Amino acid sequence: MFTQLKAELTPITTEVSETSKLFWQDYLNSNPAMVEVTQDTNIKTLNRFALEVFHRLYYSPIPEWLPEKPEHQWARVLHNQLSESEEFQNLTLTCAGDPLGSAIAAQSMINNLYRQLKDASGEQEIDELDTLRAQARQAKREGDEELFQQLQAQGQAMSEAALAFAQKLEDQEGEGIGESVEDAEGEVQEKKDELEALGISWGNESGDRNPTPTAEKLKLAALIEENPQLKKILDLAGNALETANRKRRLHQAEAGYGELVGITSGNDVSQILPQELGRLSDSRQKLSFYRDFLEGQLLQNDLQAPEEKGKGPMVICLDCSGSMVKGNRFRWSKALIVALVKLAHEQERVVSLVLFESICYDPIYFHPREDIDQLIRLLVTSPTDGGTEFQRPLEQASDIIEQDEDYSEADIVFITDGIAPLSSTFLKEYSDSLQNLKTDFFLLEIEPEQNWSSELRKLASQSWIIDADGNFEELGAVFTAC
């Protein structure tokens, strides 16, 4: 099917660059839904029109017209209506040079326009007539006048039907165009937020040390679209991160610059001593002030930043027992993992995951960008029917920190909904172990049963309860600490 599509990726009304063709083919290869829309239609060249829309968004918004054919007049009408749409002009500015955004926007627009096209065409098929024309020319050369007349009449009828279809679209005066473009812009932003929640930058920005190939992003965007549960998880993660970033900014503002410990030299304008600034009002000292500023020799406050917990490597322990399937527990826990992994990636912190139930699984070590497939597999995994056992995952987390130098002084983030027995001896020994390893233990309880009192709280540097309604403010405090 894709080989056939590749052969059909030739424009019908406007010129299209080879680069646009390559990116659009990549998108079709990763997105069966788009292929189905453009094939399951009585407009046989809809996919080629979709290519042209993609090209205008990604490469060049101004059409370079090809010779007119009556069966393609409908596409020219739509192109003109797009050109007259202020919303489309704005969308081309948003998508220019962005193959992923352009592809998603083009698909969204085609999905919307498809309904409009279907209503206008009724049961009439709008065909590509090049084959019919070639057959007519062949009959003419061979002197088969009767066949030539039949083919000519058939072509004339099909051309008239196509022109009538184009006229219907023109009479609609772009009805629905602006709305379809606005929907496309909203979908682009939604997909952008979803990928960025996974720690994948939307574009391949300069300075991005390990950019994800566009084709891989296209596949991820398609996978997210096909998996409603994954979309909900990423939406929760995005909301959590938005709140977290707001909390972290507030925390930094409240913490201020730190504690004054003395006087030093530098050129931080906000900390320069008043007597130094006074030199600017003395014409004899102004030049020397500028010299000292450039050389970083002005007297200024010496501030010591407040010590923050966390910000080191991270070992996340996730409860996968049967009770986690109730309510929003597993969805919340996975959203938390996405947000924590993204946070760790932004701060260049290594991360490992320990999944547990009544048994404990081998830890997963991953870089959020290099091992994105592992994270996706985790997010689409369902809880087991197993019970809950805390001691082994706790031991495994401390083993990782003790035995792997990359995880020295790591934070442990323990995510669970329940309780499991832990002896007082173990709790004491483990608490001492955390202190020796210089490790902070953070406990996140997801919708715990009422009146449960987890013994894990005795180990926690900080603990939080995430309720069924999604208390994002509480989540902000989680990310400020972790």
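Taking a sphere under 9 Å around the Cβ of LYS326 and counting the other residues whose Cβ falls inside, with K and R at +1 and D and E at -1, yields a net charge of -1.
Taking only the Cα atoms of region 118-203, the radius of gyration and Dmax are 22.3, 67 Å. Based on the convex hull around the alpha carbon atoms, region 12-155 presents an average projected area of 9.6 nm².
Let me know the volume per residue of the alpha-carbon convex hull for region 388-467, in Å³.
Working: hull volume 6.7 nm³, N = 80.
Here the figure is 83 Å³ per residue.
Pop the C-beta distance of GLN167 and LYS326 into the FRET formula with R0 = 56 Å and round what comes out to the nearest 0.05.
Calculated transfer efficiency: 0.45.
Once you divide the Cα radius of gyration of region 25-83 by 2.2 N^0.38 Å, the number left is 1.18. Per-residue packing, averaged as other Cβ atoms within 10 Å, sorts the ranges 332-341, 403-412 into the order 332-341, 403-412, beginning with the highest. When peptides 105-111, 394-400, 322-328 are ranked by their average number of other Cβ atoms within 10 Å per residue, the highest-first order is 105-111, 394-400, 322-328.
A Förster radius of 30 Å, combined with the Cβ-Cβ distance separating PHE426 from GLN374, puts the computed FRET efficiency at roughly 0.45. Here the peptides 185-194, 345-354, 131-140 are ranked by packing, the mean other Cβ count within 10 Å, and the order with the highest first is 185-194, 345-354, 131-140.
Around SER60, with a cut-off of 14 angstrom between Cβ atoms, what is the net charge of the other residues, counting Lys and Arg +1 and Asp and Glu -1? Write down the numbers at each step before the final one.
Details: positive: LYS21, ARG56; negative: GLU15, GLU18, GLU52, GLU64, ASP98.
Around SER60, the surrounding residues sum to -3.
On full extension, the segment bounded by GLU346 and THR381 gains 10.1 nm, given 0.36 nm per residue less the C-alpha separation.
Can you give the FRET efficiency to the nearest 0.05 for GLU395 and LEU223, using r as the Cβ-Cβ distance and R₀ = 51 Å?
Numbers: r = 35 Å, r/R0 = 0.68.
That pair, GLU395 with LEU223, gives E of 0.90.
Fully extending the segment from ASN436 to ALA134 would add 100.4 nm, taking 0.36 nm per residue of separation and subtracting the current Cα-Cα distance.
All of the numbers you see were taken from the coordinates with simple rules; none came from a lab. From a predicted model like this one, the values you see are computed outputs, not experimental measurements. Glycine gets a Cβ as well: all are built from the backbone with ideal geometry, and neighbour counts include every protein chain shown.
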